[in-house]
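Data block below; observations after.
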Amino acid sequence: MAMSRSERALVTAAIMATMLFLSSCAENNTVLATDTAGTTRTTEAGTSETGSTETGPIDTGNPGVDEAVGDLAFGLQRCDPDAPRLTADPSFYRDEPIYVGNEQPVERVRDWARTQPGFEDIWLDRDHNGWISIGFSQDAAARQTDLESEFPGVGVVAVEVIATDAELRVLRDQVSDALQGLTSWGLSHSVSRGLVEASVPVLDEETLERLAPLADPRLCVDGKDPSDAVRDGPQPTGGDHWRLLGTERTGHPYRTGVATTPQQYAELWDEAGVSGEGPTVDFETEIVIWFGAVYGSGCPVRLDDVVIDTDRQLVHGDFVLPGNPTACNSDANGEAYIVAIPRDRLPENPFAVQLTSQDPPGGVPEERTTVQADLRSPGSTAAASDFVVVGLDDGSPPRPDRFEPGMVIEDGYPWTLLFDLSCDVDIVGPLNDTRWRAIDTEPGSAHPEQWGWDANDGLNEAEFLLATNPPQLTITINDITITYEPLGSADQATMNCA
């Protein structure tokens, strides 16, 4: 049975969350949940904390450690989002097995590891064929011998850690004490990287001074540079090409709308849920736009500007988070902003109105309103049919997502994705952190003409099917199937597109 776009989006999000969790396994990152009362609590899977009950799940990123003096004030170091995890002795690794999903026997290995001296943590290493890594604070070489005897044929290695879980907890507690009083902050610690990561709103000297006595290669700090921080201040009432008519924390999130007549304006004001009556608008020279913005509770947004991008034929908002919070709850609340825009600043038709410069996220295509009529002429109007809003249930089949290297899909289930036929498809990926090579074909011949060279905008609908035992990928277009085998992590072959 075909899945709807929203169902695919939910499933994909669940898969990515599962793989992310298994990649970190029990590595003591922040894992927070928000209950129905809106308060923050720590789950059994995590050992981290947040400094504000108004903040929800914290994205800890991938902190890194630099043995040199840090680049921040007081010798502190900035967290590196691309820093790798600790690895084992290179001789411990083999070319096989290659894991492409979550088929590793993680729980069985974890149960054994917990009984061993010096066990600290367990995680998946996607840079080494998806193998299981077990961190030990003592006798890693001896534990590797035990692992190979206990789990023959399993991809698992013993890694010597640079800091124990207990040592990192002590440092984390010291950092927690130092950050008390900030409006928002977060902490996590990672045995697999030997780090405590502190998230603060802004990396200013006043904040960093709190952590100065704790400067250590095992501590990194994440936050906005002072030059990039959102300034404090009230909601602006307008700019050189827009003026604010009304705003209120109400209405639907992920929505936009346009009005070109007094009646449309009244209907739009009502749909946005803003109380009272709207200010007067001169529709000879202006039109009205509604931005149905979205915010997580505890993190209200502010509209600092309205951007008119004539090159992209796009009008969108510039929304910021005052206070530079380190995390926000993931609930989606509506905040209505209604603005007036001069006609002589509008893009030529058709133009689109959306919340930000990026396209609407999956599952909420109705965020974008496309205006077919030319509204630049004084007093020109648009009929209801000139406002195009695509919904999930408009009767037309949703277009599949486009395949992009780095995607994650569920194994054992066919996924329909748009595939770029301008690419050299002998090598595909990374997909599920694995690169795939076409088998039983000559180099450069894996692109059969039957796949359709003249596809619409260079993309064809393709069925991706991933298997894990043995690991295999098939891609089918127009009933023509190519089979792929996984490349090991050491193989640096890449997917090329024209």
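Of the listed requirements (1) over 30 Å from Ser199 (Cα atoms); (2) hydrophobic (A, V, I, L, M, F, W, C); (3) in contact with a Cys (Cβ under 7 Å, 6 or more places away or on another chain), Val281 misses just one: (3).
The residues on offer are Ala163, Ala158, and the sole one that is buried (at least 18 other Cβ atoms within 10 Å of the Cβ), assigned to a loop (DSSP other than H, G, I, E, B) and at pLDDT 95 or above is Ala163.
The residues on offer are Leu171, Leu208, and the sole one that is without any contact (Cβ under 8 Å) to a residue 60 or more places away in the chain and either in a helix (DSSP H, G or I) or of a type in the set (Lys, Arg) (or both) is Leu171.
Residue by residue, here is whether (1) out of contact with any helix residue (DSSP H, G or I) (no Cβ under 7 Å at 6 or more places or on another chain); (2) modelled with pLDDT of 95 or more; (3) in a helix (DSSP H, G or I) holds:
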{"position": "Gln263", "(1), (2), (3)": "yes, yes, yes"}
{"position": "Ala266", "(1), (2), (3)": "yes, yes, yes"}
{"position": "Asp282", "(1), (2), (3)": "yes, yes, no"}
{"position": "Phe291", "(1), (2), (3)": "yes, yes, no"}
{"position": "Asn329", "(1), (2), (3)": "yes, no, no"}
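Against the criterion of being in contact with a Ser or Thr (Cβ under 7 Å, 6 or more places away or on another chain), aliphatic (A, V, I, L, M) and touching a residue at least 12 places away in the same chain (Cβ under 8 Å), Val156 does not qualify. Among the listed residues Ser176, Ser149, Ser184, which satisfies the condition of being surrounded by 19 or more Cβ atoms within 10 Å (Cβ to Cβ) and either free of Cβ contacts under 8 Å to residues at least 12 places away in the same chain or out of contact with any helix residue (DSSP H, G or I) (no Cβ under 8 Å at 6 or more places or on another chain) (or both)? The unique qualifying residue is Ser184. Just wondering, is there one or more residues in segment 163-177 that are in contact with a Phe, Trp or Tyr (Cβ under 8 Å, 6 or more places away or on another chain) and among the aliphatic types (A, V, I, L, M)? So far as segment 163-177 goes, no, none of its residues is in contact with a Phe, Trp or Tyr (Cβ under 8 Å, 6 or more places away or on another chain) and among the aliphatic types (A, V, I, L, M).
Filtering Ile439, Ile427, Ile409 for residues that are modelled with pLDDT of 80 or more, more than 30 Å from Val371 (Cβ to Cβ) and either surrounded by fewer than 16 Cβ atoms within 10 Å (Cβ to Cβ) or among the polar types (S, T, N, Q) (or both) leaves a single hit, Ile439. Residues of segment 293-319 that are within 20 Å of the chain's Cα centre (by Cα), surrounded by fewer than 18 Cβ atoms within 10 Å (Cβ to Cβ) and at pLDDT 95 or above: Asp318 alone. Only residues that are modelled with pLDDT of 95 or more and more than 19 Å from Gly334 (Cβ to Cβ) were counted in segment 240-261, giving 4.
The listed residues are Thr370, Thr356, and the only one of them that is under 18 Å from Glu286 (Cα atoms) and touching a residue at least 12 places away in the same chain (Cβ under 8 Å) turns out to be Thr370. The single condition among (1) buried (at least 17 other Cβ atoms within 10 Å of the Cβ); (2) not assigned by TED's automatic domain parsing to the domain that holds Thr247 that Arg402 does not satisfy is (1). Looking at Ser137, Ser133, just one residue is closer than 23 Å to Ala490 by Cα, of a type outside the set (Asp, Glu) and either in contact with an Asp or Glu (Cβ under 7 Å, 6 or more places away or on another chain) or touching a residue at least 40 places away in the same chain (Cβ under 8 Å) (or both), and that residue is Ser133. Residues considered: Thr381, Thr369. Of these, the only one that is on the phi < 0 side of the Ramachandran plot, surrounded by fewer than 20 Cβ atoms within 10 Å (Cβ to Cβ) and at pLDDT 95 or above is Thr381.
Of all residues in segment 222-241, one or more are in contact with a helix residue (DSSP H, G or I) (Cβ under 8 Å, 6 or more places away or on another chain) and within 30 Å of Arg78 (Cβ to Cβ).
For segment 232-261, the tally of residues that are in contact (Cβ under 8 Å) with a residue 12 or more places away in the chain, in a loop (DSSP other than H, G, I, E, B) and either of a type outside the set (Val, Ile, Thr) or crowded, with 22+ Cβ neighbours inside 10 Å (or both) stands at 11.
The values are calculated or read from the model by the stated rules, or taken from the named source; none is laboratory data. This structure is a prediction, so every number in the text was calculated from the model and none was measured. Here the Cβ is made from the backbone with ideal geometry for all residues, glycine too, and neighbour counts use every protein chain on show.
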